[in-house]
Amino acid sequence: MEPKYRHRYPPCPDYDVGCMEAWLEYMAQKGLHLDGSSGFFLGLATFTQGQPANVKYRLEAIPKSKGFFDDNSAPDDAAVEMAGEMGWEYVCRLREFDIYRSDDPLAPELNTDPQLQAQSLKAVEKRMRGQVTYALFWWILYPLLRSFGPVYTAVHAGSLLTLWGWGLLVGQLLVALYRVWFLARMRKGLLRGEAPRRPQNLRKAGLRYRIGHGL
């Protein structure tokens, strides 16, 4: 019997570790378990329909990216094997994080060293800063493109199109800055011994995120 798949839109961005873990655990309680083969694609999470269960999910920050010709879709075999010995199953990769799960309530935490966790997040934060640089690059390039012949004619076809272009630039920069700020706050919280914050109301958090993401 072929598994039944369900697709759901997450209530938070991928870097909101606490919210993403809480959401995946909530979905497991409803019988929807994150599919390891499909994972996340085009912003949607793929789940397999199964029995409701209490499952713990953890997002582990990727300490560093591999080389261009290496497989960047999964952690090292040694890391997966070590997690398995602790009772955790590797599921999939979500951008800058590896996702693990365990149905054993007595399974120890994958990482209990806040210094090491903060160090891994620092690496992710550094890579996110590259997106800020990329956004600033377009702030320089866009005015130059507007002054270039055919692009100038197209952009000046209407003021709404020009406003739309600047709106995209502003949005891209704000999102990139917010990601860096969010990760820095979470990293400092880990150093203080605080776990990533989990929302009290997933429905409310999801509504805020979808409105902001839509804008």
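Please verify whether residue 101 is over 19 Å from residue 50 (Cα atoms), surrounded by 11 or more Cβ atoms within 10 Å (Cβ to Cβ) and at pLDDT 90 or above, treating the condition exactly as stated.
Answer is no for this residue.
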Worksheet item: residue 130 is checked against (1) small (Gly, Ala, Ser); (2) loosely packed, with under 14 Cβ neighbours inside 10 Å; (3) modelled with pLDDT of 85 or more and fails just one. What number does that condition carry?
Response: (3)
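The values are calculated or read from the model by the stated rules, or taken from the named source; none is laboratory data. None of the values given here were measured: they were computed from a predicted structure. For neighbour counting, all protein chains shown are included, and Cβ atoms are generated from backbone atoms with ideal geometry for every residue, glycine included.
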